[in-house]
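Enquirer: Just dropping this structure here.
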Ligand code: GDP
Ligand code: MN
């Protein structure tokens, strides 16, 4: 689950990480009230108005603006709230902005030489360990830094049995070129950030930029946070941060129906039981010259109702030109699944793409007969390759 910047900062702050202070607002009136309140707390009359959407690169897309007066706060937030923000990380049509974060301006005039760093904590799946990635080249496009000057990106692996050790936090601060009070503050920052990451069961905390002010404060100016969905039962307060408006509506619907569905860009929808078989089926589709339109694991109980729900979800994607059903009948019987497919097809009346059904396992032969005799635009297959060939045939 991804979080908004303001939610990520709330979590960081609760673990003692210094953050750019801010208050979220859903209307220009609330924005002005928020700015007034912040001025009381911070003393600064300048604020940044930051669009809250699940995408980075907001600055480039016009979603982060500096306001030097309350009038500008009102004017800029009415501009940003409701806008369709397009950034390098949004879909081409952009993302609608429902709320803004009114934040203290931390690049204030007295802060004459701010330094921007990059820092993230993430799970490195290759080594099976958490790691901290950091760079002196913060504030801008870290992807460009990785491509053009990869030697400026450092990593620090964390041994799970010891956690982050104090010397590692100091090494990071040192490699960022800091000394004295700034080194001390950065060391504190890194330790608190790592604690926030582990205790919140996150898979990513990305802070870009981490700001060092000229008076040696170290602050998180941005926060991109991903939490592990499977841990949310442990964190009801974080689970409540979910913003469904930011998520793919079909994926949300699938989750409610208890189906594991991931939307993809291709043209062949697939319905499979078991995650491993689903992955293999996606490979099969590619081999047959198609592109998978989704990942869908219907799980162990592929009854007619479930099959129908799954068909409906797949068909919401207008790019789908064919559907490949690949079910292995171990506990579930193939003839039941076949009957479910036929019933769902008849019930829905709106299926206008060919369906290739590969059923293998218990009662596969009966299932094939059921499908072949149904009179519907459904092709049956028993062998994997046979299914691939049929997909290829209907695509060409
Ligand atoms: P992103 O573009 O989505 O990564 O959003 P960020 O939160 O990183 O903000 C983008 C840019 O806005 C930063 O790199 C800063 O240059 C600028 N910015 C953020 N906070 C402030 C601020 O308090 N004052 C000023 N003047 N600029 C800021
Ligand atoms: Mn950023």
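Taken together, the values in this text are just the output of simple stated rules run on the coordinates, not laboratory data. All of these numbers come straight from a predicted model, not from anything done at the bench. Cβ atoms come from the backbone with ideal geometry, glycine included; neighbour counts cover every protein chain shown.
Enquirer: Relative contact order of the chain, please, whole-number percent, based on alpha carbon pairs below 8 angstrom and at least 6 residues apart.
Expert: On the way: 799 pairs, mean separation 48.7, N = 396.
Relative contact order, the chain: 12 percent.
Enquirer: Relative to the longest principal axis of the chain, what angle (0 to 90°, nearest 10) does the C-alpha long axis of helix 275-287 take?
Expert: 80
Enquirer: Taking the Cα atoms of the stretch 21-105 alone, what are Rg (to one decimal) and Dmax (as a whole number) in Å?
Expert: 12.2, 40
Enquirer: Whole angstrom only: what separates the Cα centroid of the stretch 346-386 from the Cα centroid of the stretch 198-228?
Expert: Value for the Cα centre distance between the two parts: 51 Å.
Enquirer: Compute for the chain: radius of gyration divided by Kirkwood radius, i.e. Rg/Rh, restricted to C-alpha atoms, rounded to two decimals.
Expert: Working: Rg = 25.9 Å, Rh = 24.0 Å.
With Rg and the Kirkwood Rh in hand, the quotient comes to 1.08.
Enquirer: Where does the chain land at 222 nm, in deg cm²/dmol rounded to the nearest 500, when only DSSP H runs of n ≥ 4 count, each adding -39500 (n - 2.57), divided by all residues? Please list the in-between numbers first.
Expert: Numbers: 13 runs with 146 residues, N = 396.
When only DSSP H runs of four or more count, the value is -11000 deg cm²/dmol.
Enquirer: Ok, one more. Running a GNM on the chain with Cα contacts under 10 Å, which residue among 321, 224, 349 ends up with the highest mean-square fluctuation?
Expert: Highest fluctuation among the options: 349.
Enquirer: Using only the Cα atoms of the stretch 248-395, build the gyration tensor, take square roots of its eigenvalues as a ≥ b ≥ c, and label the shape rounded, prolate or oblate: rounded if a/c is under 1.5, else prolate if a/b is larger than b/c, else oblate. Display every interim value, and only then the final one.
Expert: Values: a/c = 1.31, a/b = 1.15, b/c = 1.14.
Cα axes put the stretch 248-395 in the rounded bin.
Enquirer: If you don't mind, another one. Highest GNM mean-square fluctuation, the chain, Cα pairs closer than 10 Å: which of 281, 226, 213?
Expert: Taking springs between Cα atoms under 10 Å, the residue moving most is 281.
Enquirer: On to the next question. So what's the angle, to the nearest 10 degrees on a 0 to 90 scale, between helix 334-348 and the longest Cα principal axis of the chain?
Expert: 80
Enquirer: How would you rank 38, 296, going from fewest to most other Cβ atoms within 10 Å of each one's own Cβ? Walk me through the numbers before you get to the answer.
Expert: Values: 38 21, 296 26.
Least crowded to most crowded, the residues run 38, 296.
Enquirer: How tilted is helix 166-175 with respect to the longest principal axis of the chain? Cα atoms for both, answer in degrees (0 to 90, nearest 10).
Expert: Its long axis makes an angle of about 80 degrees.
Enquirer: Among 142, 356, 127, which one moves the most in a GNM of the chain with springs linking Cα atoms closer than 10 Å?
Expert: It is 127.
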